[in-house]
Amino acid sequence: MRWLPALLLLLAGPAVAGPRVVSMNPCVDAILVEVALPDQIAAISHYSKDARASSIGPAVAARFAATAGTAEEVAALRPDIVMTGAHVAPATMSALRRLGARVMQFGVPDTVAASRAQVLEIADAVGQPGRGAALNARIGAAVRAARSDGAAVPALIWMGGGLVPGRGTLADEMLGMAGFANVSADMGLAQWDVLPLERLVVRPPRVLLTATAAGDDRMLGHPVMKPLAGRIAVRDFAPTLLYCGGPTIIRAMERLAVVRKGLR
């Protein structure tokens with residue numbers, strides 16, 4: 001009968017190496033799919049299933065179930081840990097805590113260092129510190145590879161509707177690391193602010209990184225932009241590179257490095 005315990009384990013199937021997690025936040029999703037083992041992820045957020053807003057690829061998102069963010073859906077999955085963003089309705093948070101699972105909330109990091117700390121926190125929570133360290137090593141390598149020794153190039157990131165990330169944002173720090181100088185503060189803009197087209201024309205930066213969705217570039221086609229054609233370099237910068245930190249930093253820094261090196 002000594003073989004009975006081994007047989008029971010075999011019939012039960014492979015054990016999950018660590019706690020099972022439900023993520024209700026797309027930025028947590030992006031980190032979780034990198035640091036957790038697939039069997040540990042009970043569900044990701046429904047936002048990550050939308051390619052227009054997701055910070056993970058469609059093929060990766062398709063591997064996992066998703067919830068719409070209700071406590072009832074989470075309860076049915078019986079996770080050990082629930083990871084959410086900072087802004088969750090109090091009633092939902094109360095319901096989640098009653099499930100008996102560990103509930104962890106994560107804000108939006110405004111520096112690369114804060115993002116790397118978040119990676120380690122998530123990786124430690126799922127029992128995979130080595131995978132967290134490996135992801136952070138890749139982030140560090142991407143930052144180092146993108147650094148430029150030349151003079152900082154005046155630049156702006158211009159999102160849909162003219163929204164501009166300013167000082168104190170992760171985007172601002174990444175610009176500086178890649179050899180750009182974010183001129184949003186020089187234009188009197190706050191941390192997140194809207195830059196009217198008229199002000200852009202009066203004080204154009206050397207580089208305009210347009211983080212607009214497909215078909216949302218009406219402002220760029222405005223007649224007042226035509227005289228700027230020889231004074232400003234307009235380059236695409238995917239909006240999904242601005243939504244989250246974690247592994248998204250790698251792709252953002254790679255894109256910034258390509259733009260910086262391509263300038264004459």
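The values are calculated or read from the model by the stated rules, or taken from the named source; none is laboratory data. The structure displayed is predicted, hence computed values, not measured ones. All Cβ positions, even for glycine, are placed from backbone atoms using ideal geometry, and neighbour counts span all protein chains on display.
Check whether at least one residue in the range 155-175 is under 22 Å from Leu37 (Cβ atoms) and either at pLDDT below 95 or polar (S, T, N, Q) (or both), and report yes or no. Show your work before the answer.
If we filter the range 155-175 for residues that are under 22 Å from Leu37 (Cβ atoms), which is where we start, we get none.
Scanning the range 155-175 turns up no residue that is under 22 Å from Leu37 (Cβ atoms) and either at pLDDT below 95 or polar (S, T, N, Q) (or both).
In the set Arg167, Arg138, Arg131, which member is among the basic types (Lys, Arg), over 30 Å from Ala75 (Cβ atoms) and in a helix (DSSP H, G or I)? Of Arg167, Arg138, Arg131, the one residue that is among the basic types (Lys, Arg), over 30 Å from Ala75 (Cβ atoms) and in a helix (DSSP H, G or I) is Arg138. Kindly provide the set of residues from the range 18-49 that are free of Cβ contacts under 8 Å to residues at least 40 places away in the same chain and not small (Gly, Ala, Ser), ordered by number. Residues satisfying the conditions are Asp29, Val33, Pro38, Asp39, Ile41, Ile44, His46, Tyr47, Lys49.
Only residues that are within 15 Å of Asn25 (Cβ to Cβ) and surrounded by fewer than 15 Cβ atoms within 10 Å (Cβ to Cβ) were counted across the range 103-120, and they come to 1. When Leu37 is tested against the conditions (1) outside the structural domain of Ser23 (by TED's automatic domain parsing); (2) surrounded by fewer than 15 Cβ atoms within 10 Å (Cβ to Cβ), the lone failure is (1). When Gly107 is tested against (1) closer than 28 Å to Val74 by Cβ; (2) at pLDDT 95 or above; (3) not hydrophobic (A, V, I, L, M, F, W, C), only condition (2) is not met.
In the range 213-242, what residues are closer than 15 Å to Met159 by Cα and modelled with pLDDT under 80? Of everything in the range 213-242, those that are closer than 15 Å to Met159 by Cα and modelled with pLDDT under 80 turn out to be Ala213, Ala214, Gly215, Asp216, Asp217, Arg218, Met219, Leu220, Gly221.
Within the range 76-92, restricting attention to residues that are surrounded by 15 or more Cβ atoms within 10 Å (Cβ to Cβ) and farther than 13 Å from Arg20 by Cβ, which residue is modelled with the highest pLDDT?
Just the residues of the range 76-92 that are surrounded by 15 or more Cβ atoms within 10 Å (Cβ to Cβ), to begin with: 77, 79-85, 88, 92.
Narrowing the set further to residues that are farther than 13 Å from Arg20 by Cβ leaves 84-85, 88, 92.
Numbers: Thr84: 95, Gly85: 92, Val88: 87, Thr92: 88.
Residue satisfying both the conditions and the ranking: Thr84.
The combined condition, being touching a Leu at 6+ places or on another chain (Cβ under 6 Å) and at pLDDT 90 or above, is not fulfilled by Val258. Of everything in the range 169-180 that is within 16 Å of Asp110 (Cβ to Cβ) and not charged (D, E, K, R), the residue that is surrounded by the fewest Cβ atoms within 10 Å (Cβ to Cβ) is Gly176.
For the range 36-118, list the helices (runs of 4 or more DSSP H) that sit wholly inside it and hold at least 2 residues that are of a type in the set (S, T, N, Q) and more than 24 Å from Ala134 (Cβ to Cβ); which are they? Break it down stepwise before answering.
On the way: elements: 58-61, 71-77, 90-97.
Result: 90-97.
Checked against the criterion of being within 13 Å of Gly246 (Cα to Cα), of a type outside the set (Asp, Glu) and surrounded by 19 or more Cβ atoms within 10 Å (Cβ to Cβ), the candidates Gly166, Gly140, Gly132 yield just one match: Gly132.
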